[in-house]
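Only one structure is covered here, and it is reproduced in the block below.
The values are calculated or read from the model by the stated rules, or taken from the named source; none is laboratory data. Since the structure is predicted, the reported quantities are computational estimates derived from the model, not experimental observations. Cβ atoms come from the backbone with ideal geometry, glycine included; neighbour counts cover every protein chain shown. Protein only, heavy atoms only, side chains kept; ligands, DNA and RNA dropped before computing areas. Shrake-Rupley method; radii C 1.70, N 1.55, O 1.52, S 1.80 Å.
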Amino acid sequence: MARQKPWEVDDELWAVIEPLLPKVERRSRHPGRKRHPDRLVFQGILFVLHTGISWEHLPQELGFGSGMTCWRRLAEWTEADVWPRLHEALLAKLRSADALDFSRAAVDGPHPGIRRGPKTGRSPVDRGRTGSKHHLITDATGIPLAVTLTGGNRNDVAQLIPLLQAVPPVRGKRGRPRRRPDVVLGDRGYDHDKYRRLVRALGVKPLIARRGTEHGSGLGTQRWVVERAFAHLHWFRRLRIRWEIRDDIHEAFLTLACAVICWRRLVAVQRRHS
């Protein structure tokens, strides 16, 4: 049996995605060309996300539609908030499967090779290059809970509270949805007493490395999960360099990539339990 390609969507995943897509009724008068199937277009978007290929070079023989069709559908679904809702739905499934660990979370914000557009800035630690930053928060096992985009000139610590607030309410179990981890782990870039107080005000305990202390404090043995999650995130070639001028489109790719990572983890959990 041929191995499934990463941009191919099976029936189980499509059953999660399809209800989230806005319904577009075809006009009775002057209907024009029939709308390309959503499932094929979604696979075209995933193909661009995985390969990093430019929209105009999307291979027509794959049947995903033209690059412009896929881009327009991506913009349409981004405006309809499809990607955050998809991510939230998959996090709920993970929590239902006891695969989410809110006992602690880890944050990080490396500087990828971002190019242009809104939410860019000259980085003080990358020879003044203009770019953007991806900021990520994961659970204790490295599952992405939220991701944000800022200019490269923004300090990591300034995104600590927005990252915690960006974690969606995760359902999947009886009772109130879970939104806050018990503990948040950060490296020396997040060392600031003001933000420690703000984190505690959210009901979260900060465990952040102090500047000037020796390496090997022990946090790295727990924080490595967010670094691994970044490696998984930037395995999607479209996220390594920001070609999108529109920041909402790049953020859509970021959130979609997080959702794909969650889906893969869910499949792995289901296989272990089967």
For Arg179 and Glu8, what does the FRET efficiency come to when R0 = 30 Å and r is the distance between their Cβ atoms, rounded to the nearest 0.05? 0.35
Dipole check, the chain, charges on Cβ (K,R +1; D,E -1), about Cα centroid: among Tyr195, Val82, Ser66 the Cα furthest to the positive pole belongs to Tyr195
Could you compute the net charge surrounding Val147? Neighbours are other residues with a C-beta less than 11 Å from the C-beta of Val147; K and R count +1, D and E count -1. -1
Ile208: net charge of surrounding residues, Cβ under 9 Å, Lys/Arg +1, Asp/Glu -1, itself excluded? +1
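Can you give the calculated 222 nm mean residue ellipticity of the chain, where each DSSP H run of n ≥ 4 adds -39,500 (n - 2.57) and the sum is split over every residue, rounded to the nearest 500 deg cm²/dmol?
Only helices count here, giving -12500 deg cm²/dmol.
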Measuring from label point to label point, each 7 Å out along Cα→Cβ, what is the Ala268 to Ala201 span in nm? 3.7
For Ser96 and Glu227 in the same chain, what is the full-extension length gain: residue separation times 0.36 nm, less their Cα-Cα distance, in nm? 44.6 nm
Check Asp108: other-chain or 5+ apart residues with amide H under 5 Å from its amide H, H built from backbone geometry? Leu136
Could you sort Glu244, Glu8, Glu79 by accessible area so the largest value comes first, with the probe set to 1.4 Å? Glu79, Glu8, Glu244
Find how many whole Å separate the alpha carbon centroid of region 252-274 from the alpha carbon centroid of region 140-170. 19
Work out how far the C-alpha atoms of the chain reach from end to end along every principal axis, then list the three figures in whole Å, largest first. 67, 48, 39
Two-decimal ratio, region 3-114, of alpha-carbon radius of gyration to 2.2 N^0.38 Å: 1.28
Of the accessible area of the chain, computed with a 1.4 Å probe and all protein chains kept, carbon and sulfur make up a percent value of 50
Expected field for Leu202, accessible surface area in Å² at 1.4 Å probe radius, rounded to 10, holds 50
Of the candidates Ile17, Ile261, Ile161, which one comes out as most mobile in a Gaussian network treatment of the chain with C-alpha springs shorter than 10 Å? Ile161
Taking every DSSP bridge whose two residues both lie in the chain, the antiparallel percent to the nearest 5 is 65
Apply the Karplus curve 6.51 cos²θ - 1.76 cosθ + 1.60, θ = phi - 60°, to the phi angles in region 142-150 and return the couplings in whole Hz, x for Gly and Pro. x, 6, x, 9, 6, 9, 10, 10, 9
Dividing the convex hull volume of the Cα atoms of region 136-274 by its residue count, what figure in Å³ per residue is obtained? 139
Nothing charged except the Cβ atoms of Lys and Arg (+1) and of Asp and Glu (-1): what's the magnitude of the dipole of region 1-105 about its Cα centre? Round to the nearest 20 debye. 480
Under a Gaussian network model of the chain whose springs join Cα atoms within less than 10 Å, the largest fluctuation of Gln222, Gln165, Gln60 belongs to Gln60
Give me the dipole magnitude in Debye, nearest 20, for the chain about the Cα centre, with unit charges on the beta carbon: positive for Lys and Arg, negative for Asp and Glu. 380
